[in-house]
Amino acid sequence: MVYAVAVAIVILALCSITVYKAVGVKSKSDFLVAGRSLSWPVLVFTLLSSWIGAGSLLAGAENAYRHGFVALWQPLGGWVGLVLIAMIAGRARHFAQYTIPDLLEVRYNAATRVLGSIAIVISCTIITSYQFIGGGDILHLIFPQIPRTTGLYIIAAFVVFFTASAGMASIAYLDLLIGSLVTLTAIIAVPVLLSRAGGWSRVYHSLPATHFQVLGDYSIWGAIGLALPTMLLLIGNQGMYQKFFSARSESDARKSVIGWIVGTVVLETLLVSLAVIASTMLHTDRPREIIPLTARQALPSLLGAILLGGVFAKVISTANNYLFSPATNLIHDVYERFINRKSSERQTLIVSRLIVVVLGLFAVLQATQFESILKASLYAYTVYGAAVTPAVMAVFFWPRATKQGAIVSILLGTVVTIGWELTQQYGPVNARAVLGPIDAVYPALFCSVLSLIVVSLRTQESKIGSDEYRADSSRIAPG
């Protein structure tokens, strides 16, 4: 009963904040970037909550349950990426647009805007889809009479409602509540669970030695294969840039990164620790559910209920963020840019909300195609990281990149990732045997970066002579 009450309270809080913020949405700026009014404390928790969702709570926990602390390689990639983000957060806010494709068009051309939008829509709807899967699993744990698939549909309906109602304003303040709740609960839950498990010595001797080694039972390339997609997603993540665009000032954007670094390292380490400790107490054939199971079966009822409610809210929050991001692309980068340049504020808001609904349905469709959340997350991260991130990083760090180089880079990053994954799943048996041990991130990133460099250098002369290029990119060029 206490677990049902905790989830009911979370849902009530989410609905209340959403309705309150929806009343204040009067313009596109209010919907897409919260009127550029977010202070750095709000930014810290919305960045933290949008980053740590089912990928950490379910996929990362699944890896920790199976392999131990080597699972920290996956968030490690994000921690490295945060160092780069700290260097460009203020500059991103100074640019102050709405989306990553905005930035790509200013620096390159309209074709990169469209191609970047396609890659973002593909990857973000995949990420949204496995948030739906995770939410459905949690509902089933709390209410066994609700099948997991039905739970998935219920979560999808909630997310579409929250996202379509108030946009960024609702997302940011939902994240403030959720991020602080989950962080505080995890800090308390780990020592409590460790005590119930019999202390560190018992945990250490109950698990294979590889669970506590740097590489565990992974090769160095397998470990890097966990870290690299995460790093690439983070440093090119549109949701993150959109939050920087929503900041009250450049100073707020820079300060938020410091808090984000601290919060991410602490919370992701606690979640992996929670899963590893719980693996000595609980055994399941659905290891992605180990943290919700821990809250339900291994912690004191009140603490477990709060943690379960927080995990549920976290999945909702991340789904909101990754559904909102591609919706922003389609409305701002496609509809307003190419379909209806003279759309009114009212038309834009209506179309924005309709697009959220359509993308929500698309994400539900994709959710039926994935069995492993861990594999789905790495696939989505690679699509985004290999296709979008190299061109985005060149905006800030390599002034010699050209529009031709960016176009080829985005195309190859997307095509190689999707083609590699399709071949692994549906290709000839001999092809799957050859490609199987190799993560898609390696060939996709190699092709993307190499093409960006080679094509840019070969087309360098025409770019340097362009006065239009120098005028458009002066706001965001490196230096």
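Just order 278-287, 301-310 by mean Cβ neighbour count inside 10 Å, highest at the front, would you? Let's see the in-between values first.
On the way: 278-287: 16.8, 301-310: 21.7.
By packing density, highest mean first, the sequence is 301-310, 278-287.
I'd like to know how the stretch 261-357 sits against the 2.2 N^0.38 Å rule of thumb: what's its Cα Rg over that expected value? Please list the in-between numbers first.
On the way: Rg = 20.3 Å, N = 97, 2.2 N^0.38 = 12.5 Å.
For the stretch 261-357, the normalised Cα radius of gyration comes out at 1.62.
Can you give the FRET efficiency for Asn340 and Ile11, using 1/(1 + (r/R0)^6), R0 = 56 Å, r = Cβ-Cβ distance, to the nearest 0.05? All intermediate terms of the calculation are to be shown ahead of the outcome.
Working: r = 36 Å, r/R0 = 0.64.
That pair, Asn340 with Ile11, gives E of 0.95.
Under a Cβ-only charge scheme (Lys and Arg +1, Asp and Glu -1), can you give me the dipole magnitude of the stretch 269-339 about the Cα centre, in debye to the nearest 20?
That gives the stretch 269-339 a dipole magnitude of about 160 debye.
Label-point separation (nm) for Gln297 and Thr423, each offset 7 Å from Cα along Cα-to-Cβ?
Result for the modelled spin labels: 4.2 nm.
Please report, in whole Å, how far the alpha carbons of the stretch 299-412 spread along each principal axis, starting with the longest.
Principal extents (Cα only, largest first): 58, 37, 29 Å.
Could you compute the FRET efficiency for Ser206 and Thr368, with r as their C-beta to C-beta distance and R0 at 22 Å, rounded to 0.05? List each step's numbers first, then the result.
Working: r = 37 Å, r/R0 = 1.67.
Plugging the Cβ-Cβ distance into 1/(1 + (r/R0)^6) gives 0.05.
Could you give the length gained by full extension between Arg148 and Val265, i.e. 0.36 nm per residue of separation minus their alpha carbon distance, to one decimal place?
Working it through step by step, the gained length comes to 39.0 nm.
Laboratory data are not the source of any read-out in this text; all were calculated from the coordinates shown. Predicted, not measured: the structure shown is a model, and the values here were computed from it. FYI the Cβ positions are ideal-geometry reconstructions off the backbone, even for glycines, and counts take in every protein chain you see.
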